[in-house]
1. Of the residues R293, R274, which single one is surrounded by fewer than 20 Cβ atoms within 10 Å (Cβ to Cβ), touching a residue at least 24 places away in the same chain (Cβ under 8 Å) and among the basic types (K, R)?
2. Would you point out which residue out of Y335, Y266, Y276, Y298 is out of contact with any helix residue (DSSP H, G or I) (no Cβ under 6 Å at 6 or more places or on another chain) and more than 30 Å from N626 (Cβ to Cβ)?
3. Using the structure shown, decide if V663 is in contact with a Gly (Cβ under 7 Å, 6 or more places away or on another chain) and either in a strand (DSSP E or B) or over 29 Å from E593 (Cα atoms) (or both).
4. Are any residues in the range 636-659 in contact with an Asp or Glu (Cβ under 7 Å, 6 or more places away or on another chain), modelled with pLDDT of 90 or more and loosely packed, with under 15 Cβ neighbours inside 10 Å, and if so, which ones?
5. Quick one: which residue in M163, M215 is of a type in the set (A, V, I, L, M) and touching a residue at least 60 places away in the same chain (Cβ under 8 Å)?
6. For G216, are the conditions met, namely being outside any strand (DSSP E or B) and surrounded by fewer than 23 Cβ atoms within 10 Å (Cβ to Cβ)?
7. Can you tell me which residues in the range 600-621 are part of a strand (DSSP E or B), in contact (Cβ under 8 Å) with a residue 40 or more places away in the chain and within 17 Å of P151 (Cα to Cα)?
8. Across the range 611-635, what is the number of residues that are surrounded by fewer than 15 Cβ atoms within 10 Å (Cβ to Cβ) and charged (D, E, K, R)?
Amino acid sequence: MLLRLKLCALLLLFSTVLFGQSKIEGIIHNEENSAVSQATIILKNPLSGDEKSVSSKDDGSFSLEIKPGRYDLKITLLGYSDFQKKDLDIPNNGLKLGILQLTAIFQNIEEIQVTGERKLIERKSDRMVINIENSVLAEGMTALEILQRAPAVKVDDDGNISMRGKSDVAVMINGKLSYLSPKDLATLLKGTQSSSIKSIELITNPSAKYDAQGMGGMINIVMKKGKKAGYNLSVNSFAGAGRKERYGAGFNFNSQINKWNFSAGYDRGYRGEREYRNFDRFFEKNPNDSQARKSMQYSQTDEPLETNNAKVGIDFQASEKLSMGLAWSGSFGTYKNFNNGYNNILFLNDEMISNSLTDNSNVSKWNNHTVIANIQHSMGKKEHLLSADFEYMNADYKADQELKSDFQKTAYQPSFFSHRKNKTPSSTKLYVGKLDYLHHLGEDQNLEVGWKSSFVKADNNAINDTLRNGQWVKDKSTSNHFLYEEKIHAAYANYLLEANDWNITAGLRFEATNALGNQLTNEVVNERNYSHLFPSASVSRKINDMHSLQVSYSRRINRPDYENLNPFRYYVDAFVFFEGNPLLQPELANSFELNYSFGRNLHASFYYTDVKDVMTSVLTQLPEQNVTIRSIANIEGFRNRGLNINYTYSPVSFWTTINNGNVFENHYFGSFNNEKIDNREWSYSLQSTHVFKFPKSWSFELNGQYNSPQTDGVFRQKGRGFVSAGVMKSVWNDKLSLKLAANDIFKTMNYQAESHIGGVRMHQKFNLDSRTILFSATLKIGKEMSKKGRKQDTSDEQSRVRGGN
């Protein structure tokens, strides 16, 4: 009863309308009487200078609350002449303008003045969109670095991504789920330059039409792809440095002639990086020793990264109802890690037990190719939509590693030299086919159904050799040839209803998984078959123009990837290595979310996630050998709850500030190696971005972020943050953009983590190469044509179908 009273009071509070406000409403059409969306409507009081703006919806309608008075109205949209009306009186009881018509224009792109560019961060009903191409600070960064700076997103030093404190986030590229292992995915994202990215979408509670993979939600990286009539070419380059130099260049080209659209792009980048790492361990006292021991490791790493990305695509609009496309993309490059340092083992009084000088190297090369074919057909008067997609990917990865340890003579140890090398050639093949159908039951009801099948085949061969008496001897205890196959078949149905101010979505997804892991070296085969149902639901209500509520639920899964299932060893150095776990089981999560929006600028989300059999990082300590083994294991569970608030505000017309705050609690509980795990902590993250637009095409961007300490399995990560700033100048009628950015100005973006388990207290500190200065230039040339009455974009339903499961 008390809960009902609280909810009623909350709804009553949300529905309160502020005094002294009036409203202006209207609908925007083009010359063929079709609705025009994303037009910018600006109302300005010529006396006070007060200004408000809003964008038209998918049906062309707009509504704006404003004080009564006299205003000048202006409507702008790329490809249309500006609509203007002076001295518009808005009375206390509001004003309905009816249908307003925009007139299409036909001219060179150089003559068009773009006045309604997208915001840097936009909030939609089911996701947050970060428009990377509008950011000054994103230039010269990689996709992984951009994710690290996204609101409520965190990337650790190994490239693992978490969102709102939850790990195991599924990553999509252009709406296609990535099937790469976290390590290979991190390598791919490191090799993807920001100049190729249009936007990043953060989807916290996906519907049933999306893959159920991803306990922490989904991130969709949308790559640039032009489909404009005429032709356009964008050329970009950047150069700068942190501790090492960084530079790159690339281009994107698009040409559309009649029913054909051709696109191509290529970028090449070099990124030098130097880091300093400390890895300290403090052991409990050994009964045979007079006092406890400690291990102090230090290393300096040089990590040059060379990347190449290319893409070619062709689309054919066979008729108004039938379209098809074919695209190829490739990513290839080299990552090197040269690591020099020492490892000292001492008693607590600093008496030296063992002293070794380390010289490690790792050279990794990858060669990924992806081919995607799609076809879409619109049927009947209601334009029901049938779409089919096929995807093939071949990813080759090779890593050659050498570990050299020169042990110095001490009172407890003679001098000797240890040398081992590891080769890990691997390949991954992926086949995906899917079919989606969207049926319009009525003007306000849609039914979506679909099928998807995927097949992954991974081949990983770990070959470890040790130098003994001048001869290389194969280390059979750590070498392993591992084959992994995974088949997933999925079907879904999703129902959508929009009635008055209500929006209801309900869906159910079925996924059947067959996985086979084969350790050829040890002749061990693990096969598993399992099926699950994944319901989802969302109910939202627009209480009035200022207040709206939404509640959603989804059930999700996170499957172990082949790297985590493979028991081979990946050496960080001679004393620390990662080992897979063939007994891993999938984790299942139930996610709940309550969203509240106040106007267009304030959004609050209350969320709760409960995970069973959570997969998390664990440690096995072997103090006698000075060895730490990192692995992944299932423990009993994980719970995450929190509040996220996003607020956009414009104090004055030239200044927009975007702020995000996230407060959450992570709770890991269970046991590993007969040791209880109960890590629980409240954490928070704050981010504030400020964009200033000045006369003569100058702009300035300032961004700051802080992440407090948080719990991650058996680890506790310490707090860190950064402040970055950038300036941009556009010249030649906005055809050339020049940008200068400084990242992590105060050098505070360092990574630190600690744990206390297995009788060993461990502390890691990485002094990252995060403070950089980058200069970039982007040149846009071309001829864009806009025909009268041509629709600017596909419908929202079509875009969701293409970006769905």
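1. Details: R293 fails: surrounded by fewer than 20 Cβ atoms within 10 Å (Cβ to Cβ).
The conditions single out R274.
2. Numbers: Y335 fails: more than 30 Å from N626 (Cβ to Cβ); Y276 fails: more than 30 Å from N626 (Cβ to Cβ); Y298 fails: more than 30 Å from N626 (Cβ to Cβ).
When all the criteria are applied, what remains is Y266.
3. It is true that V663 is in contact with a Gly (Cβ under 7 Å, 6 or more places away or on another chain) and either in a strand (DSSP E or B) or over 29 Å from E593 (Cα atoms) (or both).
4. The answer is none; no residue qualifies.
5. Details: M163 fails: touching a residue at least 60 places away in the same chain (Cβ under 8 Å).
The unique qualifying residue is M215.
6. So G216 fails the test.
7. Residues satisfying the conditions are L602, H603, A604, S605, Y607.
8. Within the range 611-635, residues that are surrounded by fewer than 15 Cβ atoms within 10 Å (Cβ to Cβ) and charged (D, E, K, R) number 2.
The values are calculated or read from the model by the stated rules, or taken from the named source; none is laboratory data. Nothing here was measured: the structure is a model prediction, and the numbers come from that model. Note: ideal-geometry Cβ built from the backbone for every residue, glycine included; neighbour counts use all protein chains shown.
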